[in-house]
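A short worksheet on the structure shown next.
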Amino acid sequence: MKYNFNEIEAKWQKFWKDNQTFRADNNSERPKFYVLDMFPYPSGAGLHVGHPLGYIASDIYARYMRHKGYNVLHPMGYDSFGLPAEQYAIQTGQHPAKTTEENIKTYRRQLDQIGFSFDWSREVRTSDPGYYKWTQWIFIQLYESYYCKDADAARPVQELVRVFEKEGNAKINAACDDEVFQFSANEWNQYSEAEKQKVLAFYRLTFLSDTEVNWCPALGTVLANDEIVNGLSERGGHPVVRKKMKQWSMRISAYAQRLLDGLEKLDWPQPLKDAQTNWIGRSEGASIKFKVLGKAGENEWIEVFTTRPDTIFGVSFMTLAPEHPLVQKITAAEYLDEVNAYINATSKRSERDRMSDVKTITGQFTGAYAEHPFTGKPVPIWIGDYVLAGYGTGAVMAVPCGDQRDYDFAKHFGIEIPNIFAGIDISEHACEDKNVSIANSDFISGYPAKKAVQLVIEELEKRKIGKGKINYRLRDAVFSRQRYWGEPFPVYYKGDLPQIIDSAYLPITLPEVEKYLPTEDGKPPLGNATHWAWDTMSNSVVQNNRIDQETVFPLELNTMPGWAGSSWYFNRYMDATNVADFAGNEALNYWKDVDLYIGGSEHATGHLLYSRFWQKFLFDKGLVPVDEYAKKLINQGMILGTSAFVYRIEGSNEFVSHGLISDKKVQALHVNVSLVNASNELDLEQFKNSRVEYKNAGFLLEGGKYYVGREVEKMSKSKYNVVSPDDICDAYGADTLRLYEMFLGPLEQAKPWNTAGITGVSSFIKKLWRLFFNEEHEFFVSDESPDKDELKTLHKTIKKVDQDIADFSFNTSVSSFMIAVNELIALQCNKRAILEPLTVLISPYAPHIAEELWHLLGHRESIATAAFPVYNEQYLVELVKNYPVSFNGKLRFTLELPLDLSVQEIEKEVLAHPKTQQILEGRSPKKIIIVPGKIVNIVG
RNA sequence: GCUCGGGUGGUGGAAAGGUAGACACGUUGGACUUAAAAUCCAAUGGGCAGAAAUGCCCGUGCGGGUUCAAGUCCCGCCCCGAGUACCA
């Protein structure tokens with residue numbers, strides 16, 4: 001019988017499907033284990049060989065845990081809202097739902113052919129109304145909540161209202177907008193409904209506000225900070241400008257400290273945790289108020305945040321961000337023109353300019369002064385764009401001797417630089433070292449800086465002009481997108497006040513539109529819908545009532561961003577078909593959290609932060625049982641493509657072979673890797689036919705051949721270096737693809753794909769197959785008991801593979817399989833007692849061939865779901881007990897010998913020792929390593 | 001600039017502080033073939049000596065250190081990659 005992988009793979013994939021082999025049960029005697037992949041966006045290009053890497057690893061782990069006796073949840077779905085489908089719709093008029101559906105079909109076919117053990121009965125799609133109903137529902141829960149700092153948890157806004165009614169907001173300790181002001185119960189009760197709503201928006205966890213946003217004119221939408229790369233949009237690379245817009249935001253900043261604290265208990269990669277820590281950016285310091293001097297600034301205070309309150313006596317000026325609200329108020333009449341000119345100039349500078357040009361120092365004096373809180377001296381107030389409006393208070397107290405930027409600014413504008421550090425020379429640059437003593441500083445002179453920080457904070461608090469403060473870099477997340485293909489908000493407007501549509505009427509589904517572009521008057525694409533508001537209103541707000549034009553209020557026309565649906569999907573899998581709840585309590589309490597999450601590190605400060613935020617919120621509301629949803633996380637590395645290049649002589653249609661370029665002026669052009677063989681030779685005929693302009697191209701050849709240049713790059717369609725898993729499965733089979741992807745290198749590392757190397761794994765699979773067949777190609781395994789060498793091979797493979805999977809070193813376990821098979825071939829071993837456990841051992845990696853062999857070995861049940869002894873520790877213990885074979889071929893023992901022996905004499909003694917003889921069993925050792933005085937190593 | 005990773009043969013990569021280069025690709029030679037593919041066998045870090053078996057020396061980015069023993073641990077550099085970016 002020949003190894004026919006196409007037949008075998010199709011057969012077992014069908015078997016799994018027919019028998020629903022991988023359906024997970026929400027009730028089980030067995031312990032649960034939840035293995036999750038980051039679900040993909042189904043793009044039109046389909047999968048390339050890089051995509052399944054993480055899925056293969058998680059699948060191996062899921063299958064392994066099933067063998068270990070766990071009830072495994074291993075689901076898959078699609079993050080199916082997104083920009084590409086929408087852009088395709090704009091170009092072609094094709095409804096995004098339709099292209100998405102088609103793309104999903106392709107993905108599903110590609111995933112199925114690799115033989116994943118997903119429980120497809122739990123599939124989710126974020127663009128499915130049955131799913132986004134609950135995304136909208138969670139949005140409503142956020143809207144109805146505020147963050148209580150005393151309880152350190154989200155609480156209903158209704159509680160807040162009750163307190164306001166009784167005692168105003170003086171005692172409220174909540175995460176809220178900076179603009180919030182103090183009011184009494186009396187004042188509150190006299191507010192109009194509109195005024196009350198405006199105040200409540202300062203507290204809600206999702207709220208509407210005028211936000212300075214990253215507006216991308218080319219895409220017609222707002223982008224989050226993590227969707228911008230170097231001042232350009234991540235998608236498409238279009239320029240991005242700052243603009244004020246009314247936007248929904250998520251008060252993620254309320255959770256900054258808990259998001260930080262939560263990291264400690266997570267088994268996540270350190271780089272990823274570091275990235276989140278830096279993104280949250282906690283810094284400890286003080287906020288200090290400076291009184292503005294002079295008439296213009298009467299009763300105005302400038303609040304600054306500083307991490308170095310100990311340097312307060314070194315302040316020689318202040319700098320405000322050009323956008324700071326006080327700038328207009330305090331600027332002296334004679335400086336007004338210059339200040340306005342400066343503000344104008346900086347607002348024109350795009351983010352990109354500002355970033356690429358950090359060195360240039362710009363600023364403008366306002367003519368105003370503030371009073372130093374301790375010395376009373378006037379401090380000049382400047383504006384400068386090195387101060388960011390978005391961080392802290394948008395104002396800094398400048399201490400040129402202690403901060404290099406302040407130092408540069410002072411030098412540039414000729415401002416004095418007082419020295420407040422004992423014995424430090426500041427003539428060249430500022431001293432940012434915290435391990436110094438403070439001098440010339442009144443009551444903190446002579447104290448070390450760290451102590452001085454405390455003293456200053458105490459003094460500030462005593463005088464009520466400042467306090468110790470912790471600041472976070474983490475900004476609230478903008479939650480509105482001017483797009484069609486996203487979740488609609490369950491919101492309509494009365495005037496400019498948002499109203500929530502009662503959750504009983506969810507989902508608010510997307511309307512049909514003629515065009516997917518923004519409307520001509522600049523409204524988001526949903527503005528193109530003609531009957532939407534009417535339909536939605538008649539369905540919900542005024543349901544069962546006759547409605548007329550007056551009761552049809554405008555709906556929110558923005559949609560939610562891509563990260564909305566992906567922020568809670570892991571909970572939905574637990575109970576994916578529940579129509580009454582986002583997931584039932586029983587299911588949530590059974591599965592609780594993800595035990596292993598595998599996905600790319602590019603989501604470090606996006607999805608992985610937002611989803612933690614939502615999970616904590618849901619936890620606060622008592623809706624989920626745990627406040628961190630993924631215990632362990634692994635980042636799989638990218639599989640890179642090996643691009644091929646042809647070199648065209650500039651200004652001609654002549655192509656030079658790679659070796660002949662020397663100093664010719666050439667232009668490197670990507671050429672499709674399928675036109676190049678393993679020796680880098682280009683197929684000239686196919687190349688000429690690949691494009692019209694190549695038809696009559698000339699070639700400078702090396703030995704009659706055209707050699708291409710190679711470079712390792714990200715795999716992408718535009719670089720013509722994409723390798724499709726379909727082709728690999730057709731040529732070598734899914735099991736070989738799975739093994740090879742693991743064999744390429746460590747899971748977490750980026751590594752280049754090289755199709756040529758697959759033959760090694762492919763021939764290994766064929767050899768494995770042949771172990772079970774005799775020379776007449778008939779299935780034949782013997783029932784003889786195994787000998788010592790055969791057992792040794794089996795034991796060491798079991799031990800190595802088991803350990804490797806636990807360490808996620810899948811690459812080395814593939815090597816162990818290869819060694820095992822080679823050794824068994826050399827031993828001519830065809831014994832059931834060896835081959836059967838080996839089949840189980842290999843089944844997570846190569847499930848199809850394992851099923852087939854298992855079947856041939858006479859088993860009727862699928863190998864995939866039963867708990868098997870090979871992966872059971874007890875089994876290992878028994879094996880070792882029965883056959884005490886050394887696993888690693890090395891054994892150490894202590895042997896006391898006289899010191900004056902020669903090396904040869906020691907060798908003799910060692911060889912003669914009974915323990916040595918026991919190990920060697922008559923064989924002679926390859927080498928004996930002797931280090932006089934201490935250690936003897938025998939390698940045999 | 002800061003924060004993380006990482007530098008090992010022609011290539012991908014293995015190595016509890018203990019035979020560096022497992023396993024594979026590639027290359028070379030051989031077997032089987034009319035031939036090719038496939039398959040199998042052998043060699044393959046560099047250098048020196050030898051007819052050969054074999055022996056010796058040098059080798060994990062660079063310079064130091066700890067240790068009987070360092071790719072691995074410590075200190076100081078250099079280079080590459082990723083993230084972040086005027087965060088007060």
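For this structure, a couple of remarks:
- Per the listing A:D112, A:D128, A:D119, the residue uniquely surrounded by fewer than 22 Cβ atoms within 10 Å (Cβ to Cβ), touching a Phe, Trp or Tyr at 6+ places or on another chain (Cβ under 6 Å) and at negative phi is A:D119.
- Sub-8 Å Cβ pairs linking a first residue in segment A:634-659 that is within 16 Å of A:V712 (Cα to Cα) to a second residue that is of a type in the set (S, T, N, Q) and open to solvent by less than 20 Å² (accessible area, probe 1.4 Å), at least 6 apart or interchain, are A:G641/A:N721; A:T642/A:N721; A:S643/A:N721; A:A644/A:N721, ordered by first then second residue.
- Restricting segment A:708-739 to residues that are within 15 Å of RNA strand B (Cβ to nearest atom), out of contact with any strand residue (DSSP E or B) (no Cβ under 8 Å at 6 or more places or on another chain) and open to solvent by 10 Å² or more (accessible area, probe 1.4 Å) leaves a set whose member that is nearest to A:T812 (Cα to Cα) is A:Y732.
- Residue pairs whose Cβ atoms lie under 9 Å apart, separated by 6 or more positions or on different chains, with the first residue in segment A:760-778 and at negative phi and among the hydroxyl-bearing types (S, T, Y) and the second more than 7 Å from RNA strand B (Cβ to nearest atom) and open to solvent by 50 Å² or more (accessible area, probe 1.4 Å), are A:S762/A:A731; A:S762/A:Y732.
- Failed criterion for A:Y493 (all others in (1) surrounded by fewer than 19 Cβ atoms within 10 Å (Cβ to Cβ); (2) more than 29 Å from A:H95 (Cα to Cα); (3) in contact (Cβ under 8 Å) with a residue 24 or more places away in the chain; (4) not small (G, A, S) hold): (2)
- Failed item in (1) of a type outside the set (S, T, Y); (2) in contact with a helix residue (DSSP H, G or I) (Cβ under 8 Å, 6 or more places away or on another chain); (3) crowded, with 22+ Cβ neighbours inside 10 Å, with A:D783 passing the rest: (3)
- If you filter segment A:740-763 down to residues that are more than 6 Å from RNA strand B (Cβ to nearest atom) and open to solvent by less than 30 Å² (accessible area, probe 1.4 Å), you find that the one that is farthest from A:M818 (Cα to Cα) is A:W753.
- Hey, A:T92 of a type in the set (V, I, T) and within 25 Å of the chain's Cα centre (by Cα) or not: no
- If the condition is being under 47 Å from the mean Cα position of the chain (by Cα) and away from RNA strand B (no atom under 14 Å from the Cβ), then segment A:764-801 contributes A:F772, A:D789, A:E790, A:L791, A:K792, A:L794, A:H795, A:I798.
- Counting only residues that are more than 16 Å from RNA strand B (Cβ to nearest atom) and surrounded by fewer than 24 Cβ atoms within 10 Å (Cβ to Cβ), segment A:463-487 holds 4 of them.
- Qualifying residue in segment A:305-320 (condition: open to solvent by 20 Å² or more (accessible area, probe 1.4 Å), within 13 Å of RNA strand B (Cβ to nearest atom), of a type in the set (S, T, N, Q) and within 30 Å of A:R258 (Cβ to Cβ)): yes
- Identity of the residue in segment A:12-41, charged (D, E, K, R) and in a loop (DSSP other than H, G, I, E, B), that ends up least open to solvent (accessible area, probe 1.4 Å): A:D25
- Cβ separations smaller than 9 Å between residues 6+ apart or across chains give the following pairs from segment A:462-490 residues that are under 30 Å from A:A533 (Cα atoms) to residues that are open to solvent by 50 Å² or more (accessible area, probe 1.4 Å) and part of a strand (DSSP E or B): A:S480/A:K246.
- Restricted to segment A:672-692, and to residues there that are in contact (Cβ under 8 Å) with a residue 12 or more places away in the chain and closer than 12 Å to A:F655 by Cα, the residue that is most open to solvent (accessible area, probe 1.4 Å) is A:L684.
- Only one of the numbered conditions (1) within 16 Å of RNA strand B (Cβ to nearest atom); (2) touching an Asp or Glu at 6+ places or on another chain (Cβ under 6 Å); (3) open to solvent by less than 40 Å² (accessible area, probe 1.4 Å) is violated by A:S657, and that is (1).
- A residue that is within 16 Å of RNA strand B (Cβ to nearest atom), outside any helix (DSSP H, G or I), modelled with pLDDT of 95 or more and not small (G, A, S) can be found somewhere in segment A:839-857.
- When we screen A:F81, A:F15 for residues that are among the aromatic types (F, W, Y) and in contact with a Gly (Cβ under 6 Å, 6 or more places away or on another chain), the only hit is A:F81.
- Members of segment A:570-604 that are within 16 Å of RNA strand B (Cβ to nearest atom) and in a helix (DSSP H, G or I): A:S601, A:E602, A:H603
- Matching residues in segment A:384-399 - criterion: being touching a helix residue (DSSP H, G or I) at 6+ places or on another chain (Cβ under 6 Å) and under 19 Å from A:K289 (Cα atoms): A:A398, A:V399
- Qualifying positions in segment A:373-392 - surrounded by 20 or more Cβ atoms within 10 Å (Cβ to Cβ) and part of a loop (DSSP other than H, G, I, E, B): A:P373, A:G384, A:D385, A:V387, A:G392
- Selected residue [part of a strand (DSSP E or B) and of a type in the set (S, T, Y)] from A:Y147, A:Y131: A:Y147
- Residue within segment A:339-347 that is within 15 Å of RNA strand B (Cβ to nearest atom) and farther than 23 Å from A:F290 by Cβ present: yes
- Single residue of segment A:802-823 satisfying the filter (among the polar types (S, T, N, Q) and within 9 Å of RNA strand B (Cβ to nearest atom)) that is most open to solvent (accessible area, probe 1.4 Å): A:N822
- Residue within segment A:221-239 that is at pLDDT below 75, closer than 15 Å to A:Q482 by Cβ and of a type in the set (S, T, N, Q) present: yes
- Positions within segment A:262-300 being open to solvent by 20 Å² or more (accessible area, probe 1.4 Å), in contact with a strand residue (DSSP E or B) (Cβ under 9 Å, 6 or more places away or on another chain), farther than 30 Å from A:P448 by Cβ and more than 9 Å from RNA strand B (Cβ to nearest atom), in sequence order: A:D267, A:L293, A:G294, A:A296, A:E298, A:N299, A:E300
- Residue match in segment A:780-788 (condition: at pLDDT 90 or above and of a type in the set (A, V, I, L, M, F, W, C)): yes
- Qualifying positions in segment A:402-454 - modelled with pLDDT of 90 or more, part of a loop (DSSP other than H, G, I, E, B) and open to solvent by 70 Å² or more (accessible area, probe 1.4 Å): A:E416, A:N440, A:Y447
The values are calculated or read from the model by the stated rules, or taken from the named source; none is laboratory data. This is a predicted model, so every value here is computed, not measured. As a convention, Cβ positions derive from the backbone with ideal geometry for all residues, glycine included, and neighbour counts pool all protein chains shown. Side chains are part of the model used for accessible areas, which takes the heavy atoms of the whole protein and leaves out ligands, DNA and RNA. Shrake-Rupley method; radii C 1.70, N 1.55, O 1.52, S 1.80 Å.
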